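One structure is given here, and the rest of the page talks about it.
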Amino acid sequence: MSHGGESLDLMALAGIRDLRDLRERAQAGDPVAQFNMGVKYAEGIEVQQDYLEAARWYGAAADQGDAPAQFNLGLMFYQGIGLRKNLHYAYELFSLAAAQGDARAQAGMTAVLGEMRGDADSPTH
């Protein structure tokens, strides 16, 4: 992100100096730091990519009502990335985020419902 030709470091603006500082804040219960730890593990930024660890951090933030974390964890359940695909959990998480105005989560709910309807129509279910 750039402002007036200078690159802005959003973590630095939030007073977070490095990964250790971010981890300490996340462990202390800061939902924004927990979400950002989830992103780091999901994307393999400054840490080895680990989807289970990402899900753990997203879950901690989601439990505190963090809509982006609810969406990201819902997406992991919806797509089966690092977790067993679970449309019911995905829908629940998307609905929590959508209730806070997350438009992506509303689209996620629609996608889950479409897939559930497809499963119900399947002769094997």
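The values are calculated or read from the model by the stated rules, or taken from the named source; none is laboratory data. Not measured: the values here are computed from a predicted model. Reconstructed Cβ throughout: ideal geometry from the backbone, glycine too, with neighbour counts over all protein chains shown.
Summary table below
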| read-out | value |
| --- | --- |
| Exclusive hit being aliphatic (A, V, I, L, M) and closer than 20 Å to Val112 by Cβ, set Ala28, Ala33, Ala61, Ala69 | Ala69 |
| Cβ pairs under 6 Å, 6+ apart, first in segment 16-38 and within 15 Å of Ala62 (Cα to Cα), second modelled with pLDDT of 95 or more and surrounded by fewer than 21 Cβ atoms within 10 Å (Cβ to Cβ) | Pro31/Gln64 |
| Residues (over 16 Å from Arg104 (Cα atoms) and among the aromatic types (Phe, Trp, Tyr)) located in segment 48-87 | Tyr51, Trp57, Tyr58 |
| Answer residue from segment 17-34, given it is assigned to a loop (DSSP other than H, G, I, E, B) and either of a type in the set (Asp, Glu) or within 18 Å of the chain's Cα centre (by Cα) (or both) and is nearest to Ala67 (Cα to Cα) among those | Asp30 |
| Number of positions in segment 93-125 that are assigned to a helix (DSSP H, G or I), more than 11 Å from Phe71 (Cα to Cα) and either at pLDDT 95 or above or not acidic (Asp, Glu) (or both) | 9 |
| Residue check, Leu13 at pLDDT below 95 and surrounded by 11 or more Cβ atoms within 10 Å (Cβ to Cβ) | no |
| Candidate set from segment 69-111 (those that are among the hydroxyl-bearing types (Ser, Thr, Tyr) and under 23 Å from Lys40 (Cβ atoms)); member that is surrounded by the most Cβ atoms within 10 Å (Cβ to Cβ) | Tyr78 |
| Close pairs from segment 75-90: first farther than 17 Å from Asp102 by Cα and modelled with pLDDT under 95, partner exposed (fewer than 14 other Cβ atoms within 10 Å of the Cβ) and of a type outside the set (Val, Ile, Thr), Cβ under 7 Å, at least 6 apart | Gly82/Leu52 |
| Members of segment 42-62 that are in a loop (DSSP other than H, G, I, E, B) and either crowded, with 23+ Cβ neighbours inside 10 Å or of a type in the set (Asp, Glu) (or both) | Glu46, Asp50 |
| Filter pass, Ile45 being under 24 Å from Ala105 (Cβ atoms) and either modelled with pLDDT under 90 or over 12 Å from the mean Cα position of the chain (by Cα) (or both) | yes |
